[in-house]
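For reference, the structure discussed in these notes is given below.
The values are calculated or read from the model by the stated rules, or taken from the named source; none is laboratory data. No experiment lies behind these values; they were computed from the predicted model shown. No Cβ is skipped: glycine too gets one built from the backbone with ideal geometry, and neighbour counts run over all protein chains shown. These accessible areas exclude ligands, DNA and RNA; they are computed on the full protein's heavy atoms, side chains included. Shrake-Rupley method; radii C 1.70, N 1.55, O 1.52, S 1.80 Å.
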Amino acid sequence: MIDSTTNSRFTNKQLIIIYTIISLVCLLIVWELVARFTSASMFLPPASEVLTAFFRSFAEPIGQHTMLFHVGISLYRVAVAFLFATVIGIALGVGMGYSRLFEAIFKPLFEFIRPIPPLAWIPLSILWFGLSDTGKFFIIFLGCFCFITVNTYDGAKNVDPELMGAARMLGANERQVFFKIVLPSSVPYIFAGLQIAVTAGWSAVVGAEMIQSNEGVGWVIIRGMSTGNTVQIMVGIVAIGIVGFILANLTSALERRLCAWNAQKGI
Amino acid sequence: MVEKKQPKVQVRNLTKKFGDLLVLNDISFDVQAGEFLCIVGPTGCGKTTFLNSLTKLYEPTAGEILLDGEPVDLKKHNIAYIFQEYSTMPWLTVEENVRFGLDIKGVEKQKANKLVDEYLDIVGLTKYRKYYPDQLSASMLQRVVIARAFATQPELLLMDEPYGQLDIQLRYHLEDELISLWQRTGTTVIFITHNIEEAVYLGQRILVLTNKPTSIKQAIDNDLPRPRKIASPDFVKLRNEVTDLIKWW
């Protein structure tokens, strides 16, 4: 029985990959045709040109560095900010979900900060942190921390009271209820939050690198804009898109692995 | 029974009010060590309130519950509960679920392993030890919960309509399993149900409760030999007796 399900899932997977490839190829063809044969060519370089420039950027530097370095430095910035966001977001979320007092203290503050777009913080961040990397961490942090907090909070709020009761009746103290029930049952929510957050953080990187920088994929785009180099802008966009796609897939693969118990439900 | 022996559980004048509503009215009874006591009453008669007071989930308005002569304390006394809801932890495997109570109580690792193996075997889930609850059927889940409860080797096991959601066939099967576990371990069991047949089938003694405000209508000793036959004349007679006591119309 297990064999047949994995078999059918496998072919399903293959189908999905095939459709994805078809859709990508169609996009590229339409893009190419529009850029070559319509007046859009004034603003839109053809796909072939962008892709060639993209692949070339791995060998020939844009500015002082090649694409791998730009991606690497941006990933590093996202990683640092994401790490802080994860720790603080989970702590805040679980805290607010579990303790009424904690919720009363932090929820209003959090709800106030949440709707402010990360880019709105750029001027303040320059004022506070100057042009250092710290300011960039700060912007990316703001871009992803809310998602982690909100999801973790939801998870901690939605813990099955039956389970908490069961643990208490087995003699669990509050600490054990927290670590053995509240935290693990929030894990799928936390992961959903991390998944959104890693993508959100990655998209905030452009904003963060708009603050004075000499490298990074965001910088590639900003630089392209200030020199009127449309191809370079598009190359930056392609790089961001591809890395974002990979990140999203990596986190969901990680989730499947770590939350095997929950994945069962989805299938 | 030995004359001087202290009862395992002593319930003394237990009373519970929610505001002005008197739910439990001056209930007193004893449970001897190793006894299998069934409590039956009409639906909505406060059976669950009764249990929750017993477990200190509610503070009783008056009266007290003593275990071995001392007030009940969940941190000290080893009491296990089994409810209708299959409160298995979905993120733990069968084996980890059974171990859960032992971990909470800080049972030493090797001893815990042994107990887990033993009780998985008793409830017949050894083959499924690595499965997650989502992959199991209702009766298997209930067995996980039962194994988890028995593995902690409780002094007192409280069951609140544990088989209410199961179909009849599974219920019979699990009831027999429960009886054999009880005989094997000598645990004291208080089993609450609204199912008269179940009470007569399982109980060594049956407490019949009245409608609200709940008090004890009668205690009936049930000496029918085991395994009990639900169609035997004695069984039917006792069942009818209990049914007559419960009738409020």
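Couple of notes before you dig in:
- Among all residues of the range B:44-65, there is at least one that is in contact with a helix residue (DSSP H, G or I) (Cβ under 9 Å, 6 or more places away or on another chain), free of Cβ contacts under 8 Å to residues at least 12 places away in the same chain and assigned to a loop (DSSP other than H, G, I, E, B).
- Subset tally (residues that are more than 14 Å from chain A (Cβ to nearest Cβ) and surrounded by fewer than 20 Cβ atoms within 10 Å (Cβ to Cβ)) for the range B:101-127: 13
- Meets criteria (modelled with pLDDT under 90 and either within 18 Å of A:V235 (Cβ to Cβ) or touching a Leu at 6+ places or on another chain (Cβ under 7 Å) (or both)) for A:S41: yes
- Scan of the range B:57-76 for residues that are more than 8 Å from every other protein chain (Cβ to nearest Cβ) and buried (at least 16 other Cβ atoms within 10 Å of the Cβ), ordered by number: B:Y58, B:P60, B:G63, B:I65, B:L66, B:L67, B:V72
- In a residue-by-residue description of the range A:33-48, the property of being surrounded by 11 or more Cβ atoms within 10 Å (Cβ to Cβ), among the aliphatic types (A, V, I, L, M) and within 26 Å of A:N249 (Cα to Cα) applies to at least one position.
- Summed over the range A:164-183, the residues that are more than 9 Å from chain B (Cβ to nearest Cβ) and not hydrophobic (A, V, I, L, M, F, W, C) give a count of 2.
- The residue of the range B:77-100 that is most open to solvent (accessible area, probe 1.4 Å), among those that are more than 8 Å from chain A (Cβ to nearest Cβ) and outside any loop (DSSP other than H, G, I, E, B), is B:E96.
- Test for B:L67: is it closer than 24 Å to B:R184 by Cα, among the aliphatic types (A, V, I, L, M) and not assigned by TED's automatic domain parsing to the domain that holds B:N211: no
- Residue that is closer than 30 Å to A:E209 by Cβ, away from chain B (no Cβ under 14 Å) and surrounded by fewer than 22 Cβ atoms within 10 Å (Cβ to Cβ), where the choices are A:A104, A:A120: A:A120
- For the range A:129-196, the helices (runs of 4 or more DSSP H) that sit wholly inside it and include 2 or more residues that are touching a residue at least 24 places away in the same chain (Cβ under 8 Å) and crowded, with 21+ Cβ neighbours inside 10 Å are A:133-157.
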